[in-house]
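One structure is given here, and the rest of the page talks about it.
The values are calculated or read from the model by the stated rules, or taken from the named source; none is laboratory data. Only a predicted model underlies this, so the values are computations on that prediction, with no experimental measurement involved. Virtual Cβ from ideal backbone geometry, glycine too; neighbours counted across all protein chains shown.
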């Protein structure tokens, strides 16, 4: 199977999610890097103004879609796997299907119906995909109503070469990353009460990594900037409790951290959701909380129970890394769904019901 992967290098090393997995799969492949077209949006005022004037389309929008179509036509893939696809035009997808016969798959890491994520193309393109894989179980019915041909819930995963246990080694690293509780993620409004509840606990140190935490005066002293790569591992390795909050605006039931925290060997205290409950057992390989008050009670408990905390962290690490939760596993899951979809389509055609 010839695979054309469309993803971004903008958030390296976390992304591209599937590039290493595709490269290791043995399938012939090519990679289209959306990041190369979007990088100017990070620093160019002209590009930022253009983005607004073009209704959330970058100035490189047409060049990106032209490049994607031309590369698909030259490579003639059997499968086009697009991660998110915020700026992929419906017409581009239709042309690729018409000109190559490729199976079109979207792996949606965000909720396309969330105004913070939605673009005209992201929504209009939903019916063009043969298979729409979403990390959010809660949006599957909305995808069907938007015209998706076939939908599937596919979890996030972790990268073994990026997410593994590592503790701060030097004295400077230990001082920088030491914390009783750490959270890695942006300062969404609904996350503030949880962070504030921990910050108010006497004698408990809180580290907040990610954007906008310094905008909230009571939490400003807890903000420690961004961490990626090795620093991400050290932030988890330097804390006693790693907090896992989902993004409610995205209708998340789990997030990337749901796999990355235990893969890095940290003790995970996670928001109690149906998806987390399907992945972990409370008190065995993770711990759950339901409210800011419940969170503070859990934090107090686990900070005084070192052995229990270490046992749960070890069990969580074993559970996630024992197999089935890497992006190579997710790729295999998607490929199996593609084959299944192709067989169903073939059977429909043979039966004369197309």
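If you scan segment 70-87, which residues turn out to be out of contact with any helix residue (DSSP H, G or I) (no Cβ under 6 Å at 6 or more places or on another chain) and in a loop (DSSP other than H, G, I, E, B)? Answer for segment 70-87, where residues must be out of contact with any helix residue (DSSP H, G or I) (no Cβ under 6 Å at 6 or more places or on another chain) and in a loop (DSSP other than H, G, I, E, B): 77, 78, 84, 85.
Search segment 95-112 for residues being out of contact with any helix residue (DSSP H, G or I) (no Cβ under 6 Å at 6 or more places or on another chain) and assigned to a helix (DSSP H, G or I), and hand back the single one that is surrounded by the fewest Cβ atoms within 10 Å (Cβ to Cβ). Only one residue fits best here, namely 98.
Using the structure shown, decide if residue 195 is in contact with a helix residue (DSSP H, G or I) (Cβ under 8 Å, 6 or more places away or on another chain), part of a strand (DSSP E or B) and at negative phi.
no
Only helices (runs of 4 or more DSSP H) whose full extent lies in segment 254-305 are considered here, and the ones with at least 3 residues that are without any contact (Cβ under 8 Å) to a residue 60 or more places away in the chain are 274-279, 292-303. Restricting attention to segment 131-154, report how many residues are more than 18 Å from residue 94 (Cβ to Cβ) and either more than 18 Å from the chain's Cα centre (by Cα) or in a helix (DSSP H, G or I) (or both). Counting residues in segment 131-154 that are more than 18 Å from residue 94 (Cβ to Cβ) and either more than 18 Å from the chain's Cα centre (by Cα) or in a helix (DSSP H, G or I) (or both) gives 9. Among the residues making up segment 45-61, those that are surrounded by 13 or more Cβ atoms within 10 Å (Cβ to Cβ) and either in a helix (DSSP H, G or I) or on the phi > 0 side of the Ramachandran plot (or both) are 47, 48, 50, 51, 56, 61. Going by what's in this entry, would residue 90 be described as crowded, with 19+ Cβ neighbours inside 10 Å and in contact with a helix residue (DSSP H, G or I) (Cβ under 8 Å, 6 or more places away or on another chain)? The answer is no for residue 90.
Let's see how each residue does on (1) surrounded by 15 or more Cβ atoms within 10 Å (Cβ to Cβ); (2) within 13 Å of residue 244 (Cβ to Cβ); (3) modelled with pLDDT of 95 or more; (4) in contact with a helix residue (DSSP H, G or I) (Cβ under 6 Å, 6 or more places away or on another chain):
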site	(1), (2), (3), (4)
273	yes, yes, yes, no
295	yes, yes, yes, yes
303	yes, no, yes, no
307	no, no, yes, no
319	yes, no, yes, no
330	yes, no, yes, no
333	yes, no, yes, no
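The set of residues from segment 19-53 being under 27 Å from residue 118 (Cβ atoms), out of contact with any strand residue (DSSP E or B) (no Cβ under 6 Å at 6 or more places or on another chain) and in contact (Cβ under 8 Å) with a residue 24 or more places away in the chain comprises 33, 34, 35, 36, 37, 38, 39, 42.
Within segment 225-242, being assigned to a loop (DSSP other than H, G, I, E, B) and touching a residue at least 24 places away in the same chain (Cβ under 8 Å) holds for 227, 228, 229, 238.
Every test in (1) over 16 Å from the mean Cα position of the chain (by Cα); (2) surrounded by fewer than 24 Cβ atoms within 10 Å (Cβ to Cβ); (3) in contact (Cβ under 8 Å) with a residue 40 or more places away in the chain is passed by residue 245 save one, and that test is (1). The conditions of being in contact with a strand residue (DSSP E or B) (Cβ under 7 Å, 6 or more places away or on another chain) and in the same structural domain as residue 134 (by TED's automatic domain parsing) are not met by residue 303.
Tell me whether segment 169-178 contains one or more residues that are touching a strand residue (DSSP E or B) at 6+ places or on another chain (Cβ under 9 Å) and under 13 Å from residue 246 (Cα atoms). Checked segment 169-178: no residue is touching a strand residue (DSSP E or B) at 6+ places or on another chain (Cβ under 9 Å) and under 13 Å from residue 246 (Cα atoms).
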